[in-house]
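Structure, as structure tokens:
The values are calculated or read from the model by the stated rules, or taken from the named source; none is laboratory data. Worth saying up front: this structure is predicted, and the values here are computed from it rather than measured. Here the Cβ positions follow ideal geometry from the backbone for every residue, glycine too, while neighbour counts run over all protein chains shown. Just so you know, the surface numbers come from the protein's heavy atoms only, side chains and all, with ligands and any DNA or RNA stripped out. Shrake-Rupley method; radii C 1.70, N 1.55, O 1.52, S 1.80 Å.
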Amino acid sequence: MALLFDLFGFLEVVVRFASLIGQAFAVGGVVFVLLLIRPAARRPEGAALLDRALRLVRISAATLVVSVAIDLWMKLVMLEAVNGVPFIDGIGAGFARGLSVRLAAAILLLLFARAPFGLARAIGASVAATALILGAAATSHAVSRPDGRDLLIVANALHQAAACVWIGGIPYLLMALKGATAADARYYGRGASVLSMIGVAGLIFAGTAMALTYVGSWSGFYGHAYGLMLGTKLCFFIGLLGLGAFNYRTVERLRRDPATPTNRLVARAQAEIGIGITIFAVAASLTSIAPAIDQPGEHVPLSAIVERLTPQAPGLTSPDHDDLAIPMLQAQLDASRSAEDTSDKPKAFVCGSGDLPPINAADIAWSEYNHHWAGLFVLLIGLMAVLERTGRASWARWWPLVFIGLAAFLFVRSDPEAWPLGQIGFWESMRDAGVFQHRLVVLLVVAFAVFETMVRTGRIKNPRAAYVFPILIAIGGGLLLLHSHPLSDVKSSFLIEMTHSPMAVLGVAAGWARFLELRTKSATAAWTWPVCFVLIGLVLLDYREA
Ligand code: HEM
């Protein structure tokens with residue numbers, strides 16, 4: 001239970017993220033089935049497709065049931081632990097009612113989304129899908145607004161429904177295109193295009209209304225974590241629109257010429273799903289940050305941002321580990337203990353205690369040093385990958401091995417208060433969300449370095465293995481959006497997270513570009529991801545904390 005308290009903030013965003021994914025593919029599936037698959041289900045192949053689609057709706061609804069149930073339980077436990085509200089009484093709280101509606105609606109969807117999918121079940125599924133969206137809007141920032149509350153709830157519901165119709169419908173399009181006749185490919189391609197356009201329009205309309213309300217000013221957009229997260233979301237949104245536009249062109253070509261190959265359409269649609277899921281991570285983070293308009297005093301002035309981003313020579317010499325705040329404090333505590341004192345040694349810092357770790361100038365220099373050297377590693381990887389792409393340096397194909405060096409570097413240095421450099425034990429340190437995420441990233445880096453090296457040197461022949469690297473890179477980029485450096489000073493943590501967002505966008509772009517290169521042999525995609533690595537390296541080299 002103590003671990004729950006330690007990681008609550010991070011876990012809350014993770015379960016919200018999982019529920020947004022389940023919701024998108026459940027609600028998006030119901031819409032796609034009702035408007036496109038069910039009308040075409042009178043033919044045998046249509047009935048089989050309906051079955052498969054309803055199964056995916058059920059799987060998505062089950063994901064929702066699990067994630068919303070965990071979310072509800074975690075919040076009620078915290079409410080009891082922090083505010084002393086008994087678990088059973090907490091169910092009456094506003095958030096609990098919204099979550100309970102989502103839970104009940106997801107369970108109903110599990111019951112209704114099955115064959116025979118007659119009129120009664122179709123109506124039941126539509127009602128459940130609508131309740132899901134309204135329940136989600138009732139747990140967003142909108143409910144706590146003093147002014148325009150109802151309009152904001154409607155805007156949030158419309159926005160979430162639009163995201164479900166667009167992104168949530170894509171897996172069903174892919175399902176429908178598999179083995180489809182030319183006529184069916186045209187029918188589903190056209191239908192999906194229309195749904196996407198409705199989705200995009202709804203997203204922009206409702207999203208803009210909410211953005212103007214919650215951000216409220218330019219300084220709230222460029223100088224606050226909420227605006228920063230929204231800006232990151234817009235970058236992904238523009239990427240999605242680009243992929244969507246290419247797909248729209250292919251669907252139009254398909255309409256004119258049934259022989260048009262659909263492999264690129266399918267590959268881009270798969271990348272759209274991946275980037276769409278990343279946006280759900282951003283959206284889940286967005287709801288965990290106080291709207292910028294509510295913290296006018298915390299907006300970082302443009303001058304401070306420009307000053308922080310102005311390139312400076314990277315610091316490539318490390319401060320001494322003993323000069324860091326925690327080791328220094330520990331040394332003082334140890335020195336002040338008498339030899340006879342047999343009681344437990346007082347600790348300078350306890351992971352997961354919820355206290356922010358003490359830091360001093362050496363800690364800042366240590367972290368900057370880490371980011372700069374990580375930048376050199378990633379820059380080297382990017383430049384080697386570019387060299388390999390030129391075809392003039394075959395030795396450069398070994399660039400994935402450089403990731404192993406990066407992983408070892410990060411493992412040893414990311415958390416100097418913990419093992420192997422610090423006194424805090426390996427498992428004990430995992431109670432800190434930041435340390436936990438650092439270790440997760442190290443595992444990720446090792447995994448894709450090993451896989452990609454074996455793929456590039458032909459040691460793994462299975463063509464699917466080549467997709468491990470791009471997918472893990474995209475996940476790594478997405479994880480950066482869930483990662484934060486909690487500091488007592490909101491402005492300082494903003495100035496740090498300011499570098500995370502561009503790295504997340506570049507990481508996700510690199511992952512899906514490599515994926516598209518593998519799937520479509522696109523030269524543009526083939527050059528995009530090495531360049532993204534070079535840019536990530538440069539962002540890291542310009543990283544500063546003070
Ligand atoms: C023009 C582009 C967009 C804008 C301006 C925008 C803006 C916003 C804003 C301001 C919120 C409210 C968050 C809050 O309650 O504080 C939000 C929520 C949300 N957005 Fe967007 N968004 C955009 C595009 C997208 C896209 C492309 C997707 C999905 C693919 C998406 C999915 C969501 C979801 C699921 C939520 C609800 C989050 C929650 O309550 O947990 N948005 N968006």
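Details
- Residue match in the stretch 151-164 (condition: out of contact with any Cys (no Cβ under 7 Å at 6 or more places or on another chain), among the polar types (S, T, N, Q) and within 27 Å of ILE273 (Cβ to Cβ)): yes
- Scanning the stretch 173-209 for residues that are within 16 Å of the ligand (Cβ to nearest atom) and more than 21 Å from THR232 (Cβ to Cβ) turns up LEU173, ALA192, LEU195, SER196, MET197, ILE198, ALA201.
- Residues of the stretch 20-66 satisfying the condition of being under 26 Å from the mean Cα position of the chain (by Cα), closer than 19 Å to ALA157 by Cβ, surrounded by fewer than 24 Cβ atoms within 10 Å (Cβ to Cβ) and away from the ligand (no atom under 15 Å from the Cβ): none
- Qualifying residue in the stretch 67-75 (condition: of a type in the set (Lys, Arg) and within 16 Å of the ligand (Cβ to nearest atom)): yes
- Of all the criteria given as (1) surrounded by fewer than 22 Cβ atoms within 10 Å (Cβ to Cβ); (2) more than 8 Å from the ligand (Cβ to nearest atom); (3) farther than 21 Å from SER288 by Cβ, the one not satisfied by PHE221 is (3).
- All helices (runs of 4 or more DSSP H) inside the stretch 435-546 with 3 or more residues being touching a Gly at 6+ places or on another chain (Cβ under 7 Å) and under 19 Å from GLU272 (Cβ atoms): 468-482, 490-520
- Those helices (runs of 4 or more DSSP H) of the stretch 226-342 in which at least 1 residues are among the aromatic types (Phe, Trp, Tyr), considering only elements entirely within it, cover 263-286.
- Taken over the stretch 445-462, the criterion of being under 30 Å from PRO357 (Cβ atoms) and open to solvent by less than 30 Å² (accessible area, probe 1.4 Å) is satisfied by VAL445, PHE448, ALA449.
- Number of positions in the stretch 520-546 that are more than 21 Å from LEU480 (Cβ to Cβ) and under 23 Å from the mean Cα position of the chain (by Cα): 1
- The stretch 107-165 - residue that is more than 29 Å from the chain's Cα centre (by Cα) and surrounded by 22 or more Cβ atoms within 10 Å (Cβ to Cβ) and, of those, farthest from VAL27 (Cα to Cα): PHE117
- Residue count for the stretch 203-214 satisfying the condition of being open to solvent by less than 10 Å² (accessible area, probe 1.4 Å) and of a type outside the set (Phe, Trp, Tyr): 1.
- Sole residue being over 25 Å from the mean Cα position of the chain (by Cα) and either under 24 Å from GLY507 (Cβ atoms) or crowded, with 21+ Cβ neighbours inside 10 Å (or both), chosen from VAL282, VAL194, VAL251: VAL251
- Residue in the stretch 469-477 that is of a type in the set (A, V, I, L, M) and open to solvent by less than 20 Å² (accessible area, probe 1.4 Å) present: yes
- Test: residue in the stretch 323-333 that is loosely packed, with under 11 Cβ neighbours inside 10 Å and either touching a Leu at 6+ places or on another chain (Cβ under 9 Å) or modelled with pLDDT of 90 or more (or both): no
- Unmet requirement for PRO291, which otherwise passes all of (1) touching a residue at least 60 places away in the same chain (Cβ under 8 Å); (2) within 9 Å of the ligand (Cβ to nearest atom); (3) under 20 Å from TRP166 (Cα atoms): (3)
- Selection count where residues are modelled with pLDDT under 95, within 11 Å of the ligand (Cβ to nearest atom) and of a type in the set (Phe, Trp, Tyr), scope the stretch 224-254: 1
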